[in-house]
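Please treat every number below as a calculation from the coordinates, not as lab data. Owing to the predicted nature of the structure, the values given are computational and were not obtained by experimental measurement. No Cβ is skipped: glycine too gets one built from the backbone with ideal geometry, and neighbour counts run over all protein chains shown.
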């Protein structure tokens, strides 16, 4: 039998003292985009904070009041958490199918030595064939690497309000506008050949070099690798203009195109 692994894109929130100011930022996002946290996996990251359980209760209660449901807490041992709190959570690595070892797999190491010995004899007797096989394997490996490279997603129509385009494996290109209330999520960069009025989240797979391009910036929120800004924080010189957004020294840089 196989155990299936499945990965999801989660929003990671890192509470900061004073909590009143931090909740003010959360409220600003909700007021600008009321559905931003709805039906989203939310992880609370408190690593390195040595947060008291009482303070953690305050944070969880404040998020619950705002209908932000936390699915896990990263940075607190499960033994410290009180009943009813979300479970301790860590890792965040990509997952894949996990196969349970069977008897045949356990016997494989014993057979491996015998096969390796036979392979060495064949290699000594036929060096030319071995070299040809090695070259062929190298070609296949290079081909496999190319096939495994992240592929770009092209959306050839506007993204309408309420729609969500999610492609965590690579870049996303939208040929058209992204309406208010719509969302584009990409593991790489985002290219919008039209007005960006909704939300654009690039580099969600941990790519600091991801960028956001659009022919007209009027977005509700933009984000690169977890760093975000809402419309109220945008540089006025790029509003309603062709824009390029990048990440530099833990900050989002807005630049006017053309």
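Averaging Cα coordinates gives a centre for the stretch 10-71 and one for the stretch 176-233; these two points are 22 Å apart. Note on residue 52 and residue 152: with the Förster distance fixed at 45 Å, the Cβ-Cβ geometry gives a FRET efficiency of about 0.45.
What the Cβ-Cβ distance of residue 79 and residue 42 gives, at R0 = 25 Å and to the nearest 0.05, is a FRET efficiency of 0.65.
Oblate is the label for the stretch 153-256, because the ratio a/c of its alpha-carbon gyration tensor axes (a ≥ b ≥ c) is 1.5 or higher and a/b is not greater than b/c.
Which of rounded, prolate, oblate describes the stretch 2-74, given a ≥ b ≥ c as roots of the alpha-carbon gyration tensor eigenvalues and a/c under 1.5 marking rounded, otherwise prolate only if a/b is larger than b/c? Cα axes put the stretch 2-74 in the oblate bin.
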